[in-house]
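Asks: After the structure tokens below, expect a handful of questions from me.
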Amino acid sequence: MLLTIDEFRARHNKSVTLLGMSGVGKTYLAGMLRQHDWFHYSGDYRIGTRYLDEPILDNIKQQAMQVPFLRDLLRSDYIYIGNNIGVDNLGPVLSFIGKPGDPEQGGLPLNEFRRRQELYRRAEITAMLDVPEFIRKAREIYGYQHFVNDVGGSLCELDDPGVMEVLVNHTLILYVEVTDSEEGELIRRAEDDPKPLYFRPAFLEEQLGAYQQERDLPYMAMADPDDFIRWVFPRLFRARVPRYEGIASKHGYTVTLDEISQVGNDDDFMELLDLAIGRRQNQVAES
């Protein structure tokens, strides 16, 4: 939603969607706001606990069934396998999405990787369509005054107009912009703390071909999965920037990574939102 500063300040219950690449601090910021009467809605947590829970567990069980000792225990119902995902621990989702490449090095066959990518896309769309209901729950059930939607970095890739319509109608879109000088550090941060990645099919096929050609590989089944992810992430980052900027210019407000890093409490965040709204108003007035 687009608001004036006065309209924003007048809203008793504020709802904000944090938009930007993985690693810009969305989850850290949302976690901090949770201590100040903000309900933290994590898209990836919702995906992992609701929409990919069964596929994640099926994948783990399939691996466990290959171990005779565990297979006997599972088939006898002596043990069960649970999904221990957390807002700050997306390991189960990350392991399910996987990486394409050599199975001997933990890679997935391309057809299976594509299948899981589509499951992830559908799950992310549905998790975002749940936002209005969770805004209601946050206020009416849990008693939170405000709501922050911590979305995955792939929101700009979904190409689903229904998702953006829902988010724009119910939340203020705040895009965290990364400057050229900050790009390298963000990429290194993503390598150290990887998040689940979604690739648009056309982008994925283009990059797979380029990677195989550059590495002189006749088949992706011969590729080192970790090497591919390290190679493709900077390209994914740069492909997403104009998509983020397009969403922000049409539907929301922009702040910098440096500005976000200086937010230490709820009051700081409110001041930053005032700044972002005022900056857009000035830009519109000058154009």
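Coordinate-derived values only; no laboratory data. Everything numeric here is computed off the predicted structure, so don't read it as measured data. Methodologically, a virtual Cβ is constructed for each residue, glycine included, from the backbone with ideal geometry; neighbour enumeration extends over all protein chains shown.
Asks: From D266, D226, which residue is surrounded by 15 or more Cβ atoms within 10 Å (Cβ to Cβ) and more than 30 Å from R34 (Cβ to Cβ)?
Replies: D226
Asks: Given the condition among the polar types (S, T, N, Q), surrounded by fewer than 20 Cβ atoms within 10 Å (Cβ to Cβ), under 15 Å from the mean Cα position of the chain (by Cα) and assigned to a helix (DSSP H, G or I), answer yes or no: does some residue in the range 84-93 qualify? Before the answer, list the steps.
Replies: Narrowing the range 84-93 to residues among the polar types (S, T, N, Q): 84, 89.
Next, from what is left, pick out any that are surrounded by fewer than 20 Cβ atoms within 10 Å (Cβ to Cβ): 84, 89.
After this cut, where a residue has to be under 15 Å from the mean Cα position of the chain (by Cα) as well, the list is 89.
Now narrow it down to the ones that are assigned to a helix (DSSP H, G or I): none.
Checked against the condition, which is being among the polar types (S, T, N, Q), surrounded by fewer than 20 Cβ atoms within 10 Å (Cβ to Cβ), under 15 Å from the mean Cα position of the chain (by Cα) and assigned to a helix (DSSP H, G or I), the range 84-93 yields no hits at all.
Asks: Select from the range 13-68 the residues that are in a loop (DSSP other than H, G, I, E, B), closer than 21 Å to R243 by Cβ and out of contact with any Leu (no Cβ under 6 Å at 6 or more places or on another chain) and list them in ascending order. It would help to see each step written out before you state the result.
Replies: If we filter the range 13-68 for residues that are in a loop (DSSP other than H, G, I, E, B), which is where we start, we get 13-14, 20-25, 35-37, 52, 65-67.
Checking the rest, the ones that are also closer than 21 Å to R243 by Cβ come to 20-25.
If the condition is that a residue be in a loop (DSSP other than H, G, I, E, B), closer than 21 Å to R243 by Cβ and out of contact with any Leu (no Cβ under 6 Å at 6 or more places or on another chain), then G20, M21, S22, G25 are the ones that fit.
Asks: Is it the case that L18 is more than 21 Å from L94 (Cα to Cα), touching an Asp or Glu at 6+ places or on another chain (Cβ under 9 Å) and buried (at least 21 other Cβ atoms within 10 Å of the Cβ)? Before you say what the answer is, go through the steps one by one.
Replies: On the way: more than 21 Å from L94 (Cα to Cα): no; touching an Asp or Glu at 6+ places or on another chain (Cβ under 9 Å): yes; buried (at least 21 other Cβ atoms within 10 Å of the Cβ): yes.
Taking the combined requirement at face value, the residue does not satisfy it.
Asks: Does the range 157-172 contain at least one residue that is surrounded by 22 or more Cβ atoms within 10 Å (Cβ to Cβ) and within 25 Å of A202 (Cβ to Cβ)? Full working, then the answer.
Replies: The initial filter retains those residues of the range 157-172 that are surrounded by 22 or more Cβ atoms within 10 Å (Cβ to Cβ), namely 167, 171-172.
Add one more test, that the residue is within 25 Å of A202 (Cβ to Cβ), and what stays is 167.
Yes, some residue in the range 157-172 is surrounded by 22 or more Cβ atoms within 10 Å (Cβ to Cβ) and within 25 Å of A202 (Cβ to Cβ).
Asks: Residue check, S42 against (1) surrounded by 15 or more Cβ atoms within 10 Å (Cβ to Cβ); (2) farther than 20 Å from F147 by Cα, all met but one. Which one?
Replies: Here S42 meets the rest and fails (2).
Asks: Moving to a separate point now. Would you confirm whether any residue within the range 199-217 is of a type in the set (D, E) and under 19 Å from N149 (Cα atoms)? Show your work before the answer.
Replies: The initial filter retains those residues of the range 199-217 that are of a type in the set (D, E), namely 205-206, 214, 216.
From the residues that got through so far, the ones that are under 19 Å from N149 (Cα atoms) too are none.
There is no residue in the range 199-217 that is of a type in the set (D, E) and under 19 Å from N149 (Cα atoms).
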